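K.L.:
My questions will all concern the structure given below.
The values are calculated or read from the model by the stated rules, or taken from the named source; none is laboratory data. Just so it is clear, the structure is predicted and the values come from calculations on it, not from any experiment. Positions of Cβ are backbone-derived with ideal geometry, glycine not excepted, and every protein chain shown enters the neighbour counts.
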Amino acid sequence: MPFTSQNYGTFTGPQSTLGDFIYDTTALEGSWPSEIPVDTSFKLTDIAAIFFQNEFNYSGMHLYGVVPDFVVMERNTGFIPTFMANIANTIHNGNVIVNGATVLNGSCVINGLTNVNGVIIHNGNSVINGQVTLTGVGDVASAINLAKTLPVKSFDIDHPTPSKKGWRLRYVCLEGPETGVYFRGKLNNENKIELPYYWRNLVHQDTITVNLTPIGNYQELFVESISNDEILIRNREDGEINCHFTVFAERKDVEKLIVEYEGKSAKDYPGKDYLQLRGK
């Protein structure tokens, strides 16, 4: 039958002077507690709320102690299918342990340790003032900081050659003592390398350099002029131009790299802390 408070009282608590509470027909709620299996952990100082449909289907919240140290919400068997709380703001000051999937639709602020053994789907902003540990992943913050300061930067993928199944391919980034960018391509019967339009505001013009590789036959190629927009190439014999090119330049939108500095770790870098290793 559906729950009605007039038939079943909803609250239980210390009601016996004999010590630990006993569910029996003499309890003050009436007869319905006799239909609920005995909770031997229920003590004189405990309090509980029972949501009772019948002896086979009910849920309850058990608070251990008048000033409870431990709160349990449970069903008579299995899990409570859905728990919904329509609350404008929830503030949790303390540790959170979640065993299972978690879906949050909204902002979340946690001031304490968060330990999640399951999947998290969070559609909103998160502010966590404390350590976050994800089982199977580890300390995410440490992993991110390690990635920021790895001695080399790389990509690692399944080997693209079908005959090398079970193998992997790893490349590492080309590095140098400057914040450099490059642009490459090919000239065929033309003498102008048109630079990307955004290089005008991206690089220092006086750092632009060009490498030329003739194709097919010997050509006495040289750079005639360099501007923010284009590079003009000449053949000394005024013959055809057929070559590959690579153009390098140093960025001007960021602070100039300090190659050598005194310190014990990357946190001691004296320039701008782009990696935020020293915090915000």
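K.L.:
Show the residue pairs meeting these rules: Cβ distance below 9 Å; 6+ apart or different chains; first residue within the stretch 172-187 and touching a residue at least 24 places away in the same chain (Cβ under 8 Å) and assigned to a loop (DSSP other than H, G, I, E, B); second residue surrounded by 11 or more Cβ atoms within 10 Å (Cβ to Cβ) and of a type in the set (Ser, Thr, Tyr).
P.N.:
Glu178/Thr207
K.L.:
In addition: Looking only at the stretch 230-260, count how many residues are among the small types (Gly, Ala, Ser) and in contact with a helix residue (DSSP H, G or I) (Cβ under 8 Å, 6 or more places away or on another chain).
P.N.:
Applying the first criterion (among the small types (Gly, Ala, Ser)) to the stretch 230-260 yields 239, 249.
Among the residues that remain, those that are also in contact with a helix residue (DSSP H, G or I) (Cβ under 8 Å, 6 or more places away or on another chain) are: 249.
Total meeting the criteria: 1.
K.L.:
Follow-up. Can you tell me which residue within the stretch 213-231, out of those that are within 47 Å of the chain's Cα centre (by Cα) and in a strand (DSSP E or B), is farthest from Glu194 (Cα to Cα)?
P.N.:
Filtering the stretch 213-231 down to residues within 47 Å of the chain's Cα centre (by Cα) leaves 213, 226-231.
With in a strand (DSSP E or B) added as a condition, the list becomes 213, 226, 230-231.
Numbers: Thr213: 17, Ile226: 10, Glu230: 5, Ile231: 7 Å.
Checked the stretch 213-231; the qualifying residue farthest from Glu194 (Cα to Cα) is Thr213.
K.L.:
Of all residues in the stretch 210-220, which are out of contact with any Ser or Thr (no Cβ under 9 Å at 6 or more places or on another chain) and either surrounded by fewer than 14 Cβ atoms within 10 Å (Cβ to Cβ) or closer than 16 Å to Arg184 by Cβ (or both)?
P.N.:
Filtering the stretch 210-220 down to residues out of contact with any Ser or Thr (no Cβ under 9 Å at 6 or more places or on another chain) leaves 214-220.
Pro214, Ile215, Gly216, Asn217, Tyr218, Glu220, listed by residue number.
K.L.:
For the stretch 229-251, what are the residues that are loosely packed, with under 15 Cβ neighbours inside 10 Å and touching a residue at least 12 places away in the same chain (Cβ under 8 Å)?
P.N.:
Step one: of the stretch 229-251, the residues loosely packed, with under 15 Cβ neighbours inside 10 Å are 229-230, 232, 234, 236-239, 244, 246.
Correct list: Asp229, Glu230, Leu232, Arg234, Arg236, Glu237, Gly239, His244, Thr246.
K.L.:
Would you check which residues across the stretch 89-127 are small (Gly, Ala, Ser) and more than 30 Å from Asn57 (Cα to Cα) and list them? Write out each step before concluding.
P.N.:
Our first condition is that a residue be small (Gly, Ala, Ser); within the stretch 89-127, this holds for 94, 100-101, 106-107, 112, 118, 124, 126.
Answer for the stretch 89-127, where residues must be small (Gly, Ala, Ser) and more than 30 Å from Asn57 (Cα to Cα): Gly94, Gly106, Ser107, Gly112, Gly124, Ser126.
K.L.:
On the given criteria, is Pro196 outside any strand (DSSP E or B) and surrounded by 12 or more Cβ atoms within 10 Å (Cβ to Cβ)? Don't jump to the end; show me each part of the working.
P.N.:
Details: outside any strand (DSSP E or B): yes; surrounded by 12 or more Cβ atoms within 10 Å (Cβ to Cβ): yes.
Here the answer is yes, as Pro196 does meet what is asked.
K.L.:
Here is a further query. Among the residues of the stretch 150-193, how many are surrounded by 11 or more Cβ atoms within 10 Å (Cβ to Cβ) and touching a Lys or Arg at 6+ places or on another chain (Cβ under 9 Å)?
P.N.:
Qualifying residue count, the stretch 150-193: 8.
K.L.:
Does Lys272 fit the bill of being assigned to a loop (DSSP other than H, G, I, E, B) and either among the aromatic types (Phe, Trp, Tyr) or under 28 Å from Leu150 (Cα atoms) (or both)? Can you show your working first?
P.N.:
Working: assigned to a loop (DSSP other than H, G, I, E, B): yes; either among the aromatic types (Phe, Trp, Tyr) or under 28 Å from Leu150 (Cα atoms) (or both): yes.
Criteria met by Lys272.
K.L.:
Could you count how many residues in the stretch 200-236 are modelled with pLDDT of 95 or more and of a type in the set (Phe, Trp, Tyr)?
P.N.:
1
K.L.:
In the stretch 201-230, what residues are of a type in the set (Val, Ile, Thr) and either farther than 15 Å from Ile241 by Cβ or touching an Asp or Glu at 6+ places or on another chain (Cβ under 6 Å) (or both)?
P.N.:
Of all residues in the stretch 201-230, those of a type in the set (Val, Ile, Thr) come to 203, 207-210, 213, 215, 223, 226.
Val203, Thr207, Ile208, Thr209, Ile226, listed by residue number.
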